[in-house]
């Protein structure tokens, strides 16, 4: 079994790939190839939205870019200023507060029109309200044609 890969290219500091990647040597140094990158990024987004962890600036930026939205566009939908979104994203390890966290999760799930994702996001919010706010590693593995969160 190969080593896990810290997938910092996602912009998230807690994502690790257990497989589904290949490290390649090139004339310019080492490079990494990912199996079905688009599906990997979508799987990560779904895991972030469903997590009981309070969203941090880096998760907000990741989800916003997955939605292909500007900071201004996201701000309008969340009912906050563009400066608030920029402040969250500028402090990647800082948790966002209250309703903005909930709205961001539900916005992502609604845009993706996934009832199961909305249910998982709701469960993550409920779990978060019952426990601590520890940052947990998010490990993913590739099984045949799909990416999944490692259990």
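The values are calculated or read from the model by the stated rules, or taken from the named source; none is laboratory data. Everything numeric here is computed off the predicted structure, so don't read it as measured data. FYI the Cβ positions are ideal-geometry reconstructions off the backbone, even for glycines, and counts take in every protein chain you see.
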- Message: Of the residues 75, 103, only one is touching a helix residue (DSSP H, G or I) at 6+ places or on another chain (Cβ under 6 Å), modelled with pLDDT under 95, in a helix (DSSP H, G or I) and farther than 27 Å from residue 116 by Cβ; which?
- Response: 75
- For residue 56, are the conditions met, namely being under 18 Å from residue 138 (Cβ atoms), in contact with a strand residue (DSSP E or B) (Cβ under 8 Å, 6 or more places away or on another chain) and in contact (Cβ under 8 Å) with a residue 12 or more places away in the chain? yes
- Task: Take the residues in the range 1-24 that are over 13 Å from residue 92 (Cβ atoms) and in a loop (DSSP other than H, G, I, E, B), then tell me which one is modelled with the lowest pLDDT.
- Result: 1
- Test: residue 33 is in a helix (DSSP H, G or I) and surrounded by fewer than 19 Cβ atoms within 10 Å (Cβ to Cβ): no
- Message: Condition check: closer than 21 Å to residue 140 by Cα and touching a residue at least 40 places away in the same chain (Cβ under 8 Å). Does residue 101 satisfy that?
- Response: no
- Message: With the requirement that a residue be more than 16 Å from residue 49 (Cβ to Cβ) and in a loop (DSSP other than H, G, I, E, B), what does the range 78-100 give you?
- Response: 79, 80, 81, 91, 92, 93, 94, 97
- Message: I'd like to verify a number: residues in the range 106-151 that are surrounded by 13 or more Cβ atoms within 10 Å (Cβ to Cβ), at pLDDT 75 or above and closer than 15 Å to residue 59 by Cα, how many?
- Response: 5
- Note on the structure: Scanning the range 1-14 for residues that are crowded, with 18+ Cβ neighbours inside 10 Å and over 26 Å from residue 99 (Cβ atoms), the one farthest from the chain's Cα centre (by Cα) turns out to be 5
